[in-house]
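None of the figures in this text is laboratory data; all of them are computed from the coordinates on show. The structure displayed is predicted, hence computed values, not measured ones. Reconstructed Cβ throughout: ideal geometry from the backbone, glycine too, with neighbour counts over all protein chains shown.
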Amino acid sequence: MEWSSTALRTFRALAETGSFTATASALGYTQSAVSRQIAALERSAGSRLVDRTAGGARLTAAGSVLLRHASSALEELDRAEGRMRGAAPDTVRIRLGVFTSLGAALLPATLALLRDRAPEVEITTREGSTPALARSVRAGTMHVAVLSSRALQRLPDHEKPALELETLLEGELLVAVSARSVLGLDGTVTLAELAGTSWIASPQTTGEPAMGVWPALPQRPAVSHVARDWLGKLTLVAAGHGATTIPPYLAGLVPANVRLVRVRDGEPVAGRVVMARLPGAATAEVTALGDCLREAAAAVPIA
């Protein structure tokens, strides 16, 4: 079997994005070019590698086997390229993914700890949704990812290999309102009081819940504004343009003109932050990163 590195990189990107369209966009190809690359791989392998479904692209059992070995081979090629360009031989590159909204609370302390304890590690980070980051870990393009357990619980059980998970943070979801709001003056609010609230939410992502809207509302929520990052949402909240939800581990970053309140009725909504990696023995560098993530998480104030 003869496989080009270009075809293997395309295959790895497809495993990461879960979509032919997204892969084409990420690599700067046409969708038909991506399809041709995958078809050529399948012909060479003599086996179907990808199931094409209405929900996207999913690796077959044979595809998962090829992905694991292809990721290792591409890592070696990247390492060789770095050496040829003069990279220090003792430099180890680690890629860390963090789901959107957590970076400000966890990344600075984690990176500072790792720099002191393992200066030979060169770390790069990327934000993304939990489903996308989970795919990246499985595809081998991310060594470690920090995920939201609410989304992670909805990952298909048949996705292989199962990720090794460890809880870093957990707590009860809160509602952020303007300090001038009449809502939650005693620190709590009811579902009935939230009935007429205008919400500020993140853009809807396939496979993700509507972040920013209380998930247990008895009626259809009214979303007045959409903002991608937590700071944008909190700025709108502070100006009195609506409410948004916020996880308890971001409480220490909330500005003074925003007030956090708890919902005192209905089912409590708990959030959990987990560290994920592929199963098996971890390298010393990944172990060092895990230790730094645990220590940084332990220092995060929880509301």
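Listed values, structure above:
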read-out: Of all DSSP beta bridges in the chain, antiparallel share, percent nearest 5; value: 55 percent
read-out: Three-way shape label, the stretch 32-144, alpha-carbon gyration tensor, a/c 1.5; value: oblate
read-out: By average C-beta atoms within 10 angstrom, highest first, the peptides 121-133, 218-230; value: 121-133, 218-230
read-out: Relative packing of peptides 56-68, 180-192 - highest average C-beta neighbours within 10 Å first; value: 56-68, 180-192
read-out: Chain lengthening between ALA281 and ARG180 when straightened (0.36 nm per residue, less Cα-Cα); value: 31.1 nm
read-out: Space enclosed by the convex hull of the alpha-carbon atoms of the stretch 5-72, per residue, Å³; value: 76 Å³
read-out: Cα long-axis angle, helix 284-298 against the chain (0 to 90 degrees, to the nearest 10); value: 0 degrees
read-out: Shape call, the stretch 174-268: gyration tensor on alpha carbons, a/c limit 1.5; value: rounded
read-out: Per-residue [θ]222 nm for the chain (sum of -39500 (n - 2.57) over DSSP H runs n ≥ 4, rounded to 500); value: -11500 deg cm²/dmol
read-out: Computed lengthening from THR91 to THR30, 0.36 nm per intervening residue step minus Cα-Cα distance; value: 18.4 nm
read-out: The stretch 91-136 - Rg over Rh from alpha carbon coordinates, Kirkwood radius; value: 1.01
read-out: Hz values of 3J(HN,Hα) by residue in the stretch 178-186 - Karplus curve (6.51, -1.76, 1.60), Gly and Pro given as x; value: 5, 4, 8, 6, 7, 6, x, 5, 9
read-out: Contour excess over end-to-end distance, with Cα ends at GLU193 and ALA54 and 0.36 nm allotted per residue; value: 46.1 nm
read-out: Candidate values (1) 28, 24, 18; (2) 39, 24, 16; (3) 30, 22, 19, label of the one derived for semi-axes √(5λ) of the Cα gyration tensor in Å; value: (2)
read-out: Using θ = phi - 60° and Karplus 6.51 cos²θ - 1.76 cosθ + 1.60, couplings along the stretch 45-57 (whole Hz; Gly, Pro as x); value: 6, x, 7, 6, 9, 9, 8, 8, 10, 4, x, x, 10
read-out: Distant-in-sequence amide H partners of VAL263 (H built 1.01 Å from N, under 5 Å); value: VAL175, VAL189
read-out: Separation in nanometres of the label points that stand 7 Å from Cα toward Cβ, at ALA298 and LEU165; value: 2.3 nm
read-out: Built amide H within the under 5 Å cut-off of ILE123, gap 5+; value: ILE94
read-out: Per-residue HN-Hα couplings for the stretch 118-129 [Karplus 6.51, -1.76, 1.60; θ = phi - 60°; Hz; x = Gly/Pro]; value: 9, x, 6, 8, 9, 10, 10, 10, 8, 8, x, 6
